[in-house]
1. Would you mind calculating the relative contact order of the chain from Cα pairs under 8 angstrom and at least 6 residues apart, reporting the percent as a whole number?
2. Using the number of other C-beta atoms within 10 angstrom as an exposure proxy, rank Leu247, Leu217, Leu212 with the fewest first.
3. Can you sort Cys111, Cys202, Cys220 by how many other beta carbons sit within 10 Å, fewest first?
4. So how strong a dipole does the stretch 198-296 carry about its Cα centre when Lys and Arg Cβ are +1 and Asp and Glu Cβ are -1, to the nearest 20 debye?
5. Cys111's amide H: which non-local residues (gap 5+, or another chain) put their own amide H closer than 5 Å, with H modeled 1.01 Å from N in plane and none for Pro or chain starts?
6. Under 5 Å between amide hydrogens, which residues at least 5 positions from Val205 or on another chain qualify, with H placed 1.01 Å from N in the peptide plane?
7. List residues of the stretch 83-121, by number, whose backbone nitrogen lies under 19 Å from a label position 7 Å along Cα→C-beta of Ala52.
8. Between Ser159 and residues 5 or more places away or on another chain, which pairs have amide H atoms under 5 Å apart, with H built 1.01 Å from N, and which residues are they?
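Read-outs: derived from the displayed coordinates by stated rules, not from any lab. Bear in mind the structure is a predicted one, so any value in this text is a computation, not a measurement. Here Cβ is always computed from backbone atoms with ideal geometry, including for glycine, and neighbour counts include all displayed protein chains.
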Amino acid sequence: MVRPERRTRGDLIAVAVITAAVLGLAALIWWSAPERATVSDPLRGDSPPPPAAAVAVPETAEQAWRVPSTVPGTPLIAADAVVTADGGTVTARDPHTGDRLWSYARPDELCAVAAQWDRVVAVYRTGSGCSEVTALDARTGVRAEQRSGPVDDRISLLSAGPHMFVIGADRAEVWRSDLVRTLEYGRVDAPAQPHRQPRTGCTFVSAGAAALQLAVLERCPDDDGERLTTLVPDPEDSTEPEVNGSLALTVDQVPVRGGRIVAVTDDRVALAVDTPAPRLAVLDPQGAQLADHPLPGPVADDTGRAVTAGPVLLWWTGTETVALDPDELSVRWTVPDTAGPGTAYADRILIPVDGGWADTDPETGEIERIVATDRTGGPTGPVELTALGALILDTAGGEVTAYLPGAGQP
């Protein structure tokens, strides 16, 4: 007969120590978990009505409110609200008053914020780079999809078609609406299946996206200049990029340097280059040149990509606003001495200039008059303009100022 096991005093001490260690580890995980320090304050009640539609450019504009918004890419327009971001907090605001509708805050710093799929997507920086991603319902601020994974320490988010494009220093990803990755391109840490990336050791200079195309301008060890690579956003296997074309760029047999992707369609890429002379070139996905437009000087470092504004795309070079055809990407007109790209308003274009906004004909680029504002400083830019109905958002230096037409104006 087998004698029953008996617990000794040492056994009880061991069990107690193990239990205490497990409970301590659980407490540590809970204490350090991002969710514990997250403050989610969703919408309570009904959303306010959107601002009235813009019917004409006002004679004067009155400041309605002003708040900080320091995260690149903000403010955003989402669900008829203005979304700002500062530090680790994303806030949806009443467009009439600037009052908070909902907010979401974490102790981590925001890398980027974008609007897509009726969501506001916030990416936070942790010890693994810009790795923590949360999608928020754009109307209510309620948390929806989430993902995490090592990404670069600095990123930009692009929304086009059904996808969101995440661009870092040497790695790009594409996400679909459930935040599942459909493409990874560039640096892959410890890949499960190596040798699937077409090149290694490249760094990204610039990028742009359309519904059916991701364009990346990169510097690679074996190239004298910069290389344009275009990719399918959702290949059959997310770990194996499907390349439309990849070409080391030259102009008059001179390697291209200092390039900048300005705009991308499903079958074209507009690229600003400084060598051998400043110009805006339009290329097909394989890198063949389709059009060429001289620029008055080198492109400024703080210029962004072209933005849609009514019937044109608007791009700021650092000194002038250039209107592009949305299909051909050819230059339609330019306005010199501006402070940013501009935005559509009613049936006109507003372009930021010294002292206010230039009321501009979208077909010809002819300026009718200047709408004065209280923005201080000259056209040193960049100044971003966005419109929501009759509301105009003027963003510069990490602050967004909201204007409405003066009293008695439509």
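1. Normalised by residue count, the contact order of the chain is 13 percent.
2. Leu247, Leu212, Leu217
3. Cys220, Cys202, Cys111
4. For the stretch 198-296, the charge dipole is close to 460 debye.
5. Amide H to amide H, under 5 Å and 5 or more residues apart or across chains, Cys111 pairs with Val123, Tyr124, Arg125.
6. Under 5 Å from the amide H of Val205 lie the amide H atoms of Leu217, Glu218, Arg219, each far enough along the sequence or on another chain.
7. Counting backbone N atoms under 19 Å from the label point, the list is 95-98.
8. Amide H neighbours of Ser159, under 5 Å, 5+ apart: Phe165.
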